[in-house]
Amino acid sequence: MARRRGQVDEKKSEAILDAAAALFADKGLQAKMDEIAKLAGVSKQTVYNRFASKLEIAQALAAKRVEDIVAPLRTAGDPQTVLETLALTLLNRVCSADKVGSMRGVALISTEAPEIAHAIYEAGPKRSLREMAAWLAEQTRLGRLEVADPEQAAEMFSGLVLGHGHLRAMLDVPQLAPEKRAARAREAARIFVVAHAPKSSGVPESSPAPSLQATS
């Protein structure tokens, strides 16, 4: 069955973004639009019809990454389940062998064009932190968690989950093995939920959160 025009356009946009991610990881901003077009299997004009500049491509890549990562926040479930799913998604996005190149690409871009790197941060990581902070604020309002500073807590949760994940990605050193990611995600979510349990839940205020066991 023939695909509709919208489906074809979506496939082309995905191909362009995939090609750009691979080339940015290898060359940073030295990657040319015609190289992106060639790798994507489309014309250079098709690339420009969708993205006016490499900045727009980079922002689209960051936005797509965020949508994948924060999707669990839009699902129903108790905080432990949602955070565990979010943590595993985050680990898979950062630690998978086919994803680490994007981190090196951002590192390359940051030295060549800091303004583009800042735009990528705004469209990607900062947006994901804002969405998680909003979710934590809502969980606090509903009495499921007690988070005094949602923005700070969102960033701390990311650090708890990833550890040296971003650094390993940029340096291209071995990441947390796939078979260990689920355990890391589960433990990080558990520690966070215990640390931010509502006082009425029966968790003593002075009880320290259990230590995150080494999984790497």
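Considering the range 120-159, and only residues there that are acidic (Asp, Glu) and outside any helix (DSSP H, G or I), the residue that is farthest from residue 61 (Cα to Cα) turns out to be 146. Restricting the search to the range 68-104, which residues are in a loop (DSSP other than H, G, I, E, B) and modelled with pLDDT under 90? The answer is 76, 96, 97, 98, 99.
Residues satisfying the criterion are present in the range 197-207 (criterion: modelled with pLDDT under 95, part of a loop (DSSP other than H, G, I, E, B) and of a type in the set (S, T, N, Q)).
Of everything listed in (1) of a type in the set (Val, Ile, Thr); (2) surrounded by 18 or more Cβ atoms within 10 Å (Cβ to Cβ); (3) farther than 16 Å from residue 160 by Cβ, the single unmet condition for residue 82 is (3).
Here's a check for you: in the range 45-60, which residue that is part of a helix (DSSP H, G or I) and open to solvent by 40 Å² or more (accessible area, probe 1.4 Å) is nearest to residue 158 (Cα to Cα)? Filtering first and then ranking leaves 59. If the condition is being assigned to a helix (DSSP H, G or I), more than 22 Å from residue 94 (Cα to Cα) and not hydrophobic (A, V, I, L, M, F, W, C), then the range 14-44 contributes 30, 34, 35, 38, 44. How many residues does the range 35-62 hold that are under 26 Å from the mean Cα position of the chain (by Cα), within 15 Å of residue 23 (Cβ to Cβ) and among the small types (Gly, Ala, Ser)? Residues flagged as under 26 Å from the mean Cα position of the chain (by Cα), within 15 Å of residue 23 (Cβ to Cβ) and among the small types (Gly, Ala, Ser) within the range 35-62 amount to 5. Among the residues making up the range 18-28, a single one is under 18 Å from residue 50 (Cα atoms), open to solvent by 30 Å² or more (accessible area, probe 1.4 Å) and not small (Gly, Ala, Ser): 18.
The values are calculated or read from the model by the stated rules, or taken from the named source; none is laboratory data. All figures in this text were calculated on a predicted structure; none of them were measured in a lab. Note that we place each Cβ from the backbone using ideal geometry, even for glycine, and neighbour counts take in every protein chain shown. Quick note on the areas: whole protein, heavy atoms, side chains included, nothing else; ligands and nucleic acids left out. Shrake-Rupley method; radii C 1.70, N 1.55, O 1.52, S 1.80 Å.
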